[in-house]
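Every number in this text was worked out from the coordinates using simple rules, so none of it is lab data. Keep in mind that this is a model prediction, so the values were computed, not measured. Quick reminder, even Gly has a Cβ in these numbers, built from the backbone with ideal geometry, and neighbours come from all protein chains shown.
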Amino acid sequence: MTSSLRFRAAIVSIALFLAFVGTWHIATRGTGAVASMSPEYAKLMGLTATQGKSAMPGPLDVGSKLWEHLKRPFYDNGPNDKGLGIQLGHSIARVGLGYFLAVIVAIPLGFLIGMSPLINKALDPFIQILKPISPLAWMPLALYTIKDSGLSAIFVIFICSVWPMLLNTAFGVAAVRKEWINVARTLEVGTVRRAFTVILPAAAPTILTGMRISIGIAWLVIVAAEMLVGGTGIGYFVWNEWNNLSITNVIIAILLIGVVGMLLDQILARFARMVTFPE
Amino acid sequence: MRDGLPENHCFTSPRLRGAGGARGRASFVGAIAMIEKFISIEAIAKRYPGANGGEIAVFENLWLSMARGEFGCVIGHSGCGKTTVLNILAGLDQPSEGAVIVDGQAIEGTSLDRAVIFQSHALLPWRTVLGNVAYAVTSKWRDWDRAKVKAHAQTFIDLVGLTGAEHKRPSELSGGMKQRVGIARALSITPKIMLMDEPFSALDALTRGTLQDEVRRICLETGQTAFMITHDVDEAIYLADKIFLMTNGPGAVLAEIVENPLPKDRGRIDLHRHPYYYALRNHIVDFLVSRSKTFTAENPGHDPRNVLVARPGLGEPTIVPLPKAVDNSAQAIAR
């Protein structure tokens with residue numbers, strides 16, 4: 001029953017995909033209206049004017065260009081011409097570093113907030129004000145203080161991924177069932193051991209949910225951050241190709257951003273499954 | 001008046017009488033302190049802040065004591081503070097006033113000497129059966145190596161009849177099996193007292209019966225002191241040596257202590273055939289149905305330090321004031 005449902009869902013997915021690509025193909029087939037002009041002028045006007053080709057690339061253009069990129073993902077022809085693998089690698093490295101720093105800060109701090117009502121109340125106004133700030137609003141301040149665009153991007157990733165983890169950790173720790181805490185108390189388990197043997201496993205699913213939200217936000221923000229700081233990364237690539245008016249490359253980049261984002265989410269989902277316990 | 005009653009109607013402890021008769025007065029008082037008061041709850045109160053600035057007392061000036069190896073059951077309606085008493089005894093809650101003395105020492109906080117079996121079993125769901133019991137074992141004996149912990153935990157898993165299910169997680173167990181793990185975990189730290197907060201109330205009747213048998217067997221075999229809260233009159237009759245009846249809260253008092261007149265080797269199957277069974281059961285049920293509401297109003301002179309002891313017998317159960325130990329021995333000598 002389940003497999004048949006999955007099978008039918010796959011058929012519908014494929015049908016939707018084909019319909020989308022087909023529509024895309026037909027819509028970008030070309031206008032047909034070709035103006036007659038002198039060859040010199042035609043060279044200036046480009047294919048859109050001379051052959052009636054659509055300005056929007058069709059699926060076949062995108063497909064062939066994507067294939068070209070996939071064949072040579074790591075080439076490096078200087079600052080403005082690097083393979084997509086290198087660009088994505090830079091983005092993933094920045095996200096990874098900023099996210100890692102956020103984990104180091106958010107989880108212990110979240111533990112503290114969750115376990116101590118005093119700290120919770122004391123830090124609450126700061127968190128409430130800092131949390132809704134768009135991470136990119138920090139960028140000028142980061143550039144001014146850190147004086148390094150690469151580190152500023154990492155800082156922006158850090159600041160955007162810290163909040164969901166912090167709040168989820170604090171919530172998960174505070175919401176550990178009283179009876180499990182009581183078990184530890186009646187067994188005279190010390191605070192540190194209790195934190196690692198009862199609170200951490202009990203709060204782990206909630207913490208992992210926060211981490212999963214964070215990685216998603218970090219991946220959303222890195223594209224915008226790299227558009228600002230420039231140099232390398234998939235966000236910079238998108239902006240660079242827009243300046244080159246290569247819509248094909250922009251579409252390819254969009255597609256790859258989606259694929260990598262999905263992979264990051266799936267990795268975290270796998271970790272979340274590992275720590276989830278059935279009740 | 002007491003002399004006019006048949007022996008099985010009123011109660012005085014034969015052991016006390018014997019001890020009092022054999023020794024002098026002073027030594028006998030000392031003996032009471034040692035024998036009779038393994039657990040001594042002394043004048044505890046629990047108050048919560050009320051709606052308009054005042055305080056609501058769940059109970060005030062509550063005294064309760066138990067001897068080593070005794071099985072005590074508290075029965076009362078919801079809200080009378082039974083669970084609070086147990087939590088105070090466990091160290092999970094602090095009384096607003098008063099103290100609890102266990103084995104000659106005032107308790108401070110929780111202790112590995114007092115194991116708790118929780119109503120909701122409270123197993124750690126990310127650990128296996130063995131893991132849950134081993135967690136308790138390593139908490140008590142921190143320097144034990146893995147093999148020793150495992151062997152010790154296994155003993156208690158076997159004791160509660162869960163051999164073969166060691167590597168299952170709590171989610172894979174039935175309610176009764178989960179509570180067996182809870183019992184194994186509590187016993188594995190070889191506590192001085194076992195505290196049980198309605199441990200079987202979430203189970204079906206058949207499982208409940210089996211587990212009552214297990215608990216009774218284990219307590220008799222090991223001489224375990226146990227303190228249990230229950231709603232189930234039959235459970236109390238089967239398991240308890242002493243049944244503590246509490247009136248309705250707020251302002252609950254320990255109204256009466258019922259000594260179980262049934263023989264120590266009673267079985268669950270023929271429990272109800274014992275001639276004292278119905279007297280005992282009726283007495284408790286009567287209390288729960290009617291007297292628990294009116295007790296405080298009808299007994300203005302109720303002394304919480306000397307709670308009446310009842311021992312329902314063949315006829316109508318009679319309540320007599322708990323004679324002061326010294327008077328009691330004096331009477332015993334006189335007789």
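Observations on the model:
- Residue-span extension gain [residue A:146 to residue A:179] - 0.36 nm each, minus C-alpha spacing: 7.2 nm
- Within a straight-line Cα-Cα reach of under 19 Å, residue B:150 can be paired with the following aspartates and glutamates, leaving aside sequence neighbours fewer than 8 residues apart in one chain: B:158, B:166.
- log10 of Debye I(q)/I(0), alpha-carbon scatterers only, for the range A:161-251 at 0.13, 0.17, 0.22 Å⁻¹: -0.59, -0.75, -0.97
- Under the simplified labelling scheme, the residue A:5-residue A:71 pair shows an inter-label distance of 4.4 nm, with each label point 7 Å from Cα along Cα→Cβ.
- Charged-residue dipole, Cβ positions (Lys, Arg, Asp, Glu), the range A:84-275 about Cα centre, Debye nearest 20: 620 debye
- Average partner coverage of B:109-117, which counts Cβ from other chains inside 10 Å: 3
- For the range A:22-28, putting each phi into the Karplus relation 6.51 cos²θ - 1.76 cosθ + 1.60 with θ = phi - 60° gives couplings of x, 4, 4, 4, 5, 5, 10 Hz, in residue order, rounded to whole numbers and with x for Gly and Pro.
- Cα gyration tensor shape for the range B:62-106, rounded if a/c is under 1.5, else prolate or oblate: oblate
- 0 to 90° range, to nearest 10: angle between helix A:200-229 axis and chain A longest Cα axis: 30 degrees
- Helical content of chain A, expressed as a calculated mean residue ellipticity at 222 nm, amounts to -25500 deg cm²/dmol (DSSP H runs of 4 or more residues, -39,500 (n - 2.57) each, divided by residue number, nearest 500).
- For residue B:306 and residue B:120, a Förster radius of 35 Å and the Cβ-Cβ distance give a FRET efficiency of 0.45, rounded to the nearest 0.05.
- Between amide H atoms placed 1.01 Å from N, distances below 5 Å from residue A:148 occur with no residue 5 or more places distant or on a separate chain.
- Net charge, residue A:240 excluded, C-beta distance under 12 Å - Lys, Arg +1, Asp, Glu -1: -2
- For residue B:299 and residue B:105, the FRET efficiency from 1/(1 + (r/R0)^6), where r spans their Cβ atoms and R0 equals 35 Å, is about 0.60.
- Percent of C-alpha pairs per 20 Å bin in the protein assembly as shown, short distances first: 15, 34, 23, 16, 9, 2, 0.
- Charge tally in the Cβ shell below 15 Å around residue A:219, where Lys, Arg are +1 and Asp, Glu are -1, residue A:219 excluded: 0
- Candidate lysines for bridging to residue B:46, where Cα separation is under 17 Å - those fewer than 8 sequence places away on the same chain excluded: B:82
- Axis of helix A:234-243 versus longest Cα principal axis of chain A: the two differ by about 30°, to the nearest ten degrees.
- Among beta bridges that DSSP assigns inside the protein assembly as shown, antiparallel share in %, nearest 5: 50 percent
- Quarter of Cα convex hull surface for the range A:1-113, i.e. mean projection, nm²: 14.6 nm²
- Modelled this way, with points 7 Å down the Cα-to-C-beta line, the labels at residue A:61 and residue A:243 are 2.2 nm from one another.
- Cα shape, the range B:118-231, gyration tensor, a/c 1.5 rule: oblate
- Fewest-first ranking of A:124, B:145, using other Cβ atoms within 10 Å as the exposure measure: B:145, A:124
- Å³ per residue enclosed by the Cα convex hull of the range B:202-244: 74 Å³
- Sites residue A:191 and residue A:17 - FRET efficiency at Förster radius 51 Å, r taken between beta-carbons, to 0.05: 0.40
- For the range A:155-246: relative contact order, % (alpha-carbon pairs under 8 angstrom, 6 or more apart): 36 percent
- With Cα atoms, 0 to 90° folded angle of helix A:84-115 axis to chain A main axis: 20 degrees
- Taking the alpha carbon gyration tensor of the range A:84-275, multiplying each eigenvalue by 5 and rooting it gives semi-axes of 37, 19, 11 Å, largest first.
- Charged-residue dipole, Cβ positions (Lys, Arg, Asp, Glu), the protein assembly as shown about Cα centre, Debye nearest 20: 920 debye
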